[in-house]
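Taken together, the values in this text are just the output of simple stated rules run on the coordinates, not laboratory data. Because the structure is predicted, anything quoted here is derived from the model rather than measured. Quick reminder, even Gly has a Cβ in these numbers, built from the backbone with ideal geometry, and neighbours come from all protein chains shown.
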Amino acid sequence: MKKSNDEWKKILSPEAYHITREAGTEPPWTGALLNEKRIGTFHCICCQTPLFKSDAKYESGCGWPSFFEPLEGSHLKEVLDTSYGRIRTEIRCSTCDAHLGHVFNDGPPPTGIRYCINSVALGFDAKE
């Protein structure tokens, strides 16, 4: 069942609500998961859906966690974003429609893709 804005506000921090439900962006270089190096899985902070493996994370120098590929059977959906007079591809969680970040065609091999994701939109499960 789809949650209302009031339900999301009770579940999420104000910053996570703004980013995931209002398509906000955290300031670069501030995210708690930016420098996460452990082995594990990154998931949507709203619904816990697994999104990226840690071995797909890389240092892009952009100030946000970056990944070159999503998990197999991806739970990401792409949406055209024309905000701020630019044309970009927004990435949302296909399970709960949370705004996660954007995707660009300037990533490393083997995909050439950079999923630039707000740290606040993610949770992390370390592999034991």
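Of Trp29, Trp64, how do they rank once you tally other Cβ atoms within 10 Å and put the fewest first? Please report the intermediate quantities before stating the final value.
Values: Trp29 11, Trp64 24.
Lowest to highest Cβ neighbour count: Trp29, Trp64.
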- request: Grab the other residues whose beta carbon is less than 12 angstrom from that of Arg38, score K and R as +1, D and E as -1, and report the net.
  value: 0
field: Within a Gaussian network of the chain (alpha carbon springs, distance under 10 Å), most fluctuating of Asn35, Asn105, Asn118
entry: Asn105
task: Consider a paramagnetic label point 7 Å from the Cα of Val79 along Cα→Cβ; state which residues of region 42-62 have an amide N under 16 Å from it.
output: 44-47
field: Size of charge dipole - the chain - debye, nearest 20, with Cβ of Lys, Arg +1 and Asp, Glu -1, no other charges
entry: 120
- prompt: Counting other C-beta atoms within 10 Å, which of Val79, Val103 has the fewest, and how do the rest follow?
  reply: Val79, Val103
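Report the semi-axes of the equivalent ellipsoid for region 1-74 in whole Å, largest first, where each axis is √(5λ) for an eigenvalue λ of the Cα gyration tensor. Spell out each step's value before the answer.
Working: eigenvalues 111, 53, 19 Å².
They are 24, 16, 10 Å, listed from largest to smallest.
Taking the beta-carbon count within 10 Å as an exposure proxy, list Ile117, Ile11 from fewest neighbours to most. Don't jump to the answer; show the numbers that get you there.
Working: Ile117 26, Ile11 13.
Lowest count first: Ile11, Ile117.
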- request: Please work out the FRET efficiency for the pair Asn105 and Asp125, using the Cβ-Cβ distance as r and a Förster radius of 30 Å; give the result to the nearest 0.05.
  value: 0.55
message: Suppose we take every Cα in region 43-96 and form the convex hull; what volume per residue is that in Å³?
response: 105
field: Per residue Cα convex hull volume in Å³ - calculated over the chain
entry: 118
field: Coil-residue trypsin sites (Lys or Arg not before Pro) of region 29-118, DSSP, other Cβ within 10 Å capped at 14
entry: Lys37, Arg38, Arg86
